[in-house]
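Structure record follows, encoded as structure tokens.
The values are calculated or read from the model by the stated rules, or taken from the named source; none is laboratory data. Because the structure is predicted, anything quoted here is derived from the model rather than measured. Using ideal geometry, Cβ is built from the backbone for each residue, glycine included, and neighbour counts are taken over all protein chains shown. Each accessible area value is taken on the protein alone, full model and side chains, heavy atoms only, with ligands, DNA and RNA left out. Shrake-Rupley method; radii C 1.70, N 1.55, O 1.52, S 1.80 Å.
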Amino acid sequence: MTINFILNGEDVVFNGEASVRLIEILRENFGLFGAKPGCLSGQCGACSVIYNGLVSPACLIPAFRIQRSEIITIEGFSQTNEYHEIMTVFAEVHLGNCGYCEAGKILCTEALLDKYPQPTKEEILIGFSGMKCRCTNTERLIKAVNKIAAIRQRRLYGRSS
């Protein structure tokens, strides 16, 4: 099956079985290893990508579902100013991710702030509910997301949240 989709802003083609998982396509066909094959059941968040604007587990997305879709991986997102903004704040608040879940948490932060520019504590907790890695202190995560939101408000609108 020939599948056309957008990967990190570029039109790409995958030729293969329709049932192959996106996590396998990214790693084996495109050499993108940022999404990690954790539980392979959509529970841990280690394989998170942004799929048509939503953070999604790449282990649950079969190839036939990505036809004409847009996928952003951590490798693609790392080329943006928003990535550097997130990484700077994560370091400032000593978030201390284990590395295995880091890409998922970065993409969750971006997707959350796209949906809720000034998220509440509850929205943050719900936004990260798909991340099951326990390496991150929840209060530091909330502090980091709020700080990133405030920085973006100042950058985009010249005001704080």
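Any residue that is under 14 Å from ILE106 (Cα atoms) and in contact with an Asp or Glu (Cβ under 6 Å, 6 or more places away or on another chain) - is there at least one of those in region 20-43?
Scanning region 20-43 turns up at least one residue that is under 14 Å from ILE106 (Cα atoms) and in contact with an Asp or Glu (Cβ under 6 Å, 6 or more places away or on another chain).
Taking the criterion of being open to solvent by 20 Å² or more (accessible area, probe 1.4 Å) and part of a strand (DSSP E or B), would at least one residue in region 125-137 satisfy it?
no
In region 105-124, what count of residues is obtained for those that are in a helix (DSSP H, G or I) and surrounded by fewer than 14 Cβ atoms within 10 Å (Cβ to Cβ)?
Looking only at that region, the number is 4.
Take the residues in region 80-91 that are without any contact (Cβ under 8 Å) to a residue 12 or more places away in the chain and of a type outside the set (Gly, Ala, Ser), then tell me which one is most open to solvent (accessible area, probe 1.4 Å).
Per the stated criteria, the residue is ASN81.
This table checks each residue for (1) open to solvent by 70 Å² or more (accessible area, probe 1.4 Å); (2) modelled with pLDDT of 95 or more.
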site	(1), (2)
LEU32	no, yes
PRO37	no, no
LEU54	yes, no
ILE72	no, yes
SER78	no, yes
VAL93	no, no
TYR100	yes, no
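In region 7-30, what count of residues is obtained for those that are open to solvent by 60 Å² or more (accessible area, probe 1.4 Å) and of a type outside the set (D, E, K, R)?
Looking only at that region, the number is 6.
Per-residue answers, yes or no, for (1) closer than 17 Å to SER48 by Cα; (2) β-branched (Val, Ile, Thr):
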position	(1), (2)
PRO62	yes, no
ARG68	no, no
ILE74	yes, yes
ALA91	no, no
GLU110	yes, no
ASP114	yes, no
GLY130	yes, no
LYS143	no, no
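Taking only region 1-26 into account, find how many residues are under 25 Å from SER78 (Cβ atoms) and either among the charged types (D, E, K, R) or touching a Lys or Arg at 6+ places or on another chain (Cβ under 9 Å) (or both).
Going through region 1-26 one residue at a time, the tally reaches 10.
Answer with yes or no whether ILE66 is surrounded by 16 or more Cβ atoms within 10 Å (Cβ to Cβ), among the β-branched types (Val, Ile, Thr) and over 10 Å from the mean Cα position of the chain (by Cα).
Yes.
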